[in-house]
Amino acid sequence: SNRLVLEEQRLKQRESLKESLHEGMTVTGRITSIRDFGAFVNIGGVEGLIPISEISYGRVDDVREHLSVDQEVEIVIMKLDWDKDRFSFSLRKALPDPWKDVWSRFPIGSSHSGTVARLANYGVFVTLRDGVDGLIHISELRGEKRINHPREVLTVGQVLDVKIESSDEENKRLSLSLATASEERS
């Protein structure tokens with residue numbers, strides 16, 4: 001029957017893919033469905049998941065803002081588990097690393113404009129460019145009055161002038177402070 005022929009073709013295609021694909025390889029696929037936790041992509045007979053954390057270097061709250069069904073994407077194979085039929089991919093690893101030139105573009109002591117991305121008990125994360133956030137510790141936000149949480153003085157989406165206080169290349173971290181009015185932006 002036609003179903004048996006199609007199944008046999010699918011198995012041959014799968015065996016061919018099993019021999020040619022390996023982890024770390026960059027391949028092209030097509031988005032088949034989108035869920036809150038990521039997107040499923042087909043790479044020519046094998047379907048796997050791009051987890052939400054692997055879609056972008058920046059924070060992703062809604063997968064649909066970044067991907068759409070039938071979109072063609074270039075991805076990196078993270079895991080191939082042929083026995084359990086579980087495959088995971090990364091769109092982020094196929095993109096250029098936004099931290100590559102951070103140390104020359106954002107040197108210590110320089111001032112820049114950034115957007116408040118997240119508020120935490122210990123400080124505020126400021127996005128300097130897509131995928132590159134720095135932290136202003138809560139102690140840097142205290143003026144003359146003590147604050148218990150950054151939301152008392154800042155809001156998500158607010159644009160700030162910040163100064164690069166220190167950097168940690170190995171862990172990809174930037175420590176920031178609020179820039180004073182006399183410091184010019186770079």
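Just order 19-27, 66-74, 32-40 by mean Cβ neighbour count inside 10 Å, highest at the front, would you?
32-40, 66-74, 19-27
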Gaussian network model of the chain, springs between alpha carbon atoms under 10 Å - residue of Pro107, Pro96, Pro51 with greatest fluctuation: Pro96
Å² of accessible area per residue within the stretch 76-149, as computed with a 1.4 Å probe and no ligands counted: 56
Antiparallel bridge percentage (DSSP; both residues within the chain; nearest 5): 95
Inter-part distance where the stretch 120-186 and the stretch 1-17 are each reduced to a Cα centre, Å: 56
With Cα atoms, 0 to 90° folded angle of helix 2-20 axis to the chain main axis: 50
Using a Förster distance of 41 Å, the FRET efficiency for Leu95-Glu7 (Cβ separation, nearest 0.05): 0.65
Label assignment, volume of the Cα convex hull per residue in Å³ derived from the structure, set (i) 161; (ii) 143; (iii) 220: (ii)
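The values are calculated or read from the model by the stated rules, or taken from the named source; none is laboratory data. Quick caveat: nothing in here was measured; it's all calculated off a predicted structure. A quick note on method: Cβ atoms are made from the backbone with ideal geometry, for glycine too, and the neighbour counts reach across all protein chains shown. Surface areas here come from the heavy atoms of the whole protein model, side chains and all, with no ligands, DNA or RNA. Shrake-Rupley method; radii C 1.70, N 1.55, O 1.52, S 1.80 Å.
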